[in-house]
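A short write-up of the structure that comes next.
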Amino acid sequence: MTTTLDPEKLQTALDAVHHAGMPGIFAEVRDDGEIWRSAAGFADIATRRPVTADMRHRVGSISKAFTAAAVLQQVENDEIALDTPIGHYLPRLVPGERGAAITVRMLLNHTSGLADYLPQAFPSLAASPPLSETTPKSFDDNRFRKFPPTELIEMGVSAPATRAPGETPGVYSNTNYLLLCQLLELVSGTSAEKCITRNIIERAGLRGTELPTGPYINGPHSHHYEVWFGMIDPPRDYSVYDMSWVGPAASLISTVTDLNRFFGLLLDGEIISRSSLTQMQRTVPVISFEGKTIDYGLGLHKRTVPGHGIHWGHDGSVWGGGALSMTSADGIRQLSLAVNLQRWNRFGSLPQPHPIDNALEAFTQLALRR
């Protein structure tokens, strides 16, 4: 077997992310059966406890790939139809003309036009651009708040629409995926957390992965340091946090090993059928939270690595924690990584470049190239 994994180069590039200012980073790269797994930096800045590659971590919106797969399973069971209006299933949550115009597919690929509820749930983040006018006060105000999902959905549905239903580019919104979780509950007769756990997490054999019901991360894990564009100094740990503010749309706890296993099985047709996977890989342009235009399918990002083809996966962030998982279209090359600092760019008139940006991109490019 030949491999393009170079442990020394990968470790040097991983170390560079830490030296650029990331407290801790850990990753797993797979290449046709070979595995490189390593870490750099600290899980706890104060004690200098090292981060390790087997740690559990909040992976944010990577959760959406799990939710989307669970929805596609219900499509295969004829319980859900992708092009049926959400108002057919959940008329009280999305009533009237909007409920009749927004389809399940539009929720999955963020072309519903429904606004994100975050500015209403976290008022200190609601200032109009620039982001320098916001404050991180809401992080602490809501650390242990239990948000009912229907309350969050109402915030998003009642806010001004970002687009007409089906219009592209779509606009990324957590409201879409909380509605999909309510749809899963309707058709499965159980909570979305239990549905996803049974049909996705357990089916894939992901022993380090869970959708939490409380504010804690069980097992070995890193602190999750938030700086909110330099406004929190020193960085504050938010690894203890009630994740009801995103629910199964972004609350997943996992490991880099489990993420690679999940996306490998998904792209191999082991979690949903090949025809369902084809639906997931039909992309449209979507504007991300960061204002970038991405190619987004049904819970999947498409990323083209110059000279190395198409990769599929997702990224995610929560307060203080971030993650990325990408798998090549042929399933041979995989990368999953986790970082324990978020919003590291400070402000001038705009967010300023930071050495972490270049170091993280360099590691990602190296890890994905065969």
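Ranked for footprinting exposure by Cβ neighbours inside 10 Å, fewest first, ILE332, ILE35, ILE86 give ILE35, ILE332, ILE86. Once C-alpha pairs closer than 8 Å and six or more residues apart are averaged by separation and normalised to the residue number of the range 303-370, the relative contact order reads 27 percent.
Report for the range 226-351 the percent antiparallel among DSSP-assigned beta bridges with both residues inside it, nearest 5. Counting DSSP beta bridges with both partners in the range 226-351, the antiparallel share is about 95 percent. Rounded to the nearest whole Hz, the Karplus-based 3J(HN,Hα) values (6.51 cos²θ - 1.76 cosθ + 1.60, θ = phi - 60°) of the range 248-262 follow the sequence x, 5, 6, 9, 4, 10, 8, 10, 5, 5, 5, 5, 4, 5, 4, with x at glycine and proline. Here the label points at GLU361 and ASP295, each 7 Å from Cα along the C-beta direction, are separated by 1.8 nm in the simple model. When its C-alpha radius of gyration is set against 2.2 N^0.38 Å (N residues), the range 320-370 gives a value of 1.37.
Charge tally around LYS194: other residues with Cβ under 12 Å, Lys/Arg +1 each, Asp/Glu -1 each, net -3. Once the C-beta distance of GLU167 and GLU34 is scaled by a Förster radius of 56 Å, the resulting FRET efficiency is 0.80 to the nearest 0.05.
Give me the net charge of LEU90's neighbourhood, meaning all other residues with Cβ under 13 Å from the Cβ of LEU90; Lys, Arg count +1, Asp, Glu -1.
Combined, the nearby Lys, Arg, Asp and Glu give 0.
The three principal axes of the C-alpha atoms in the range 31-142 carry coordinate ranges of 55, 48, 22 Å, sorted with the longest axis first. Of interest is the spacing of the C-alpha centroids, which for the range 131-145 and the range 222-247 amounts to 10 Å.
Counting other Cβ atoms within 10 Å as a rough exposure proxy, the listed residues PHE139, PHE347 run PHE347, PHE139 from fewest neighbours to most.
Be a star and scan the range 311-350 for residues whose amide nitrogen sits under 11 Å from the point 7 Å along the Cα-to-Cβ vector of SER132. Under cut-off, by backbone N: 346-350. Derived scalar couplings between HN and Hα for the range 160-165 equal x, 5, 8, 7, 6, x Hz in order, rounded to whole Hz, by the Karplus curve 6.51 cos²θ - 1.76 cosθ + 1.60 (θ = phi - 60°), x for Gly and Pro.
Across the range 7-368, how large is the tail of the calculated P(r) beyond 34 Å, expressed as a percent of all Cα pairs?
That fraction is 21 percent.
The ranking of SER63, SER158, SER288 by Cβ neighbour count inside 10 Å, starting from the fewest, reads SER158, SER288, SER63. Considering only alpha-carbon pairs that sit under 8 angstrom and 6 or more positions apart, the relative contact order computed for the range 7-368 is 26 percent. Between the range 153-216 and the range 253-274, the C-alpha centres lie 18 angstrom from each other.
Placing +1 on each Lys and Arg Cβ and -1 on each Asp and Glu Cβ, with no other charges, gives the range 96-156 a dipole about its Cα centre of roughly 180 debye. Taking every lysine pair in the range 7-368 that is 8 or more places apart or spans two chains, those with Cα atoms closer than 23 Å amount to 7. Please compute the net charge surrounding ARG163, taking Lys and Arg as +1 and Asp and Glu as -1 over other residues with Cβ under 14 Å from its Cβ. Within the 14 Å Cβ shell, the charges total -1.
Couplings 3J(HN,Hα) for the range 6-11, derived from phi with the Karplus relation 6.51 cos²θ - 1.76 cosθ + 1.60 (θ = phi - 60°), are 10, x, 5, 5, 5, 5 Hz, where x marks Gly and Pro. Per residue of the chain, the DSSP helices (runs of n ≥ 4 H) give a summed -39500 (n - 2.57) that works out to -8500 deg cm²/dmol at 222 nm. The distance between label points at ASN218 and GLU151 comes to 2.6 nm (points 7 Å beyond Cα on the Cα→Cβ vector).
Provide the convex hull volume over Cα atoms per residue for the range 228-370, in Å³.
Each residue corresponds to 133 Å³ of Cα convex hull volume.
When +1 charges are put on Lys and Arg Cβ atoms and -1 charges on Asp and Glu Cβ atoms, the dipole computed for the range 1-129 relative to its Cα centre reaches about 560 debye.
FYI, it's all coordinate maths here, none of it is from the lab. What you are looking at is a predicted structure, and each value in this text was computed from that prediction instead of being measured. Note that each Cβ is placed from the backbone with ideal geometry, even for glycine, and that neighbours are counted across all protein chains shown.
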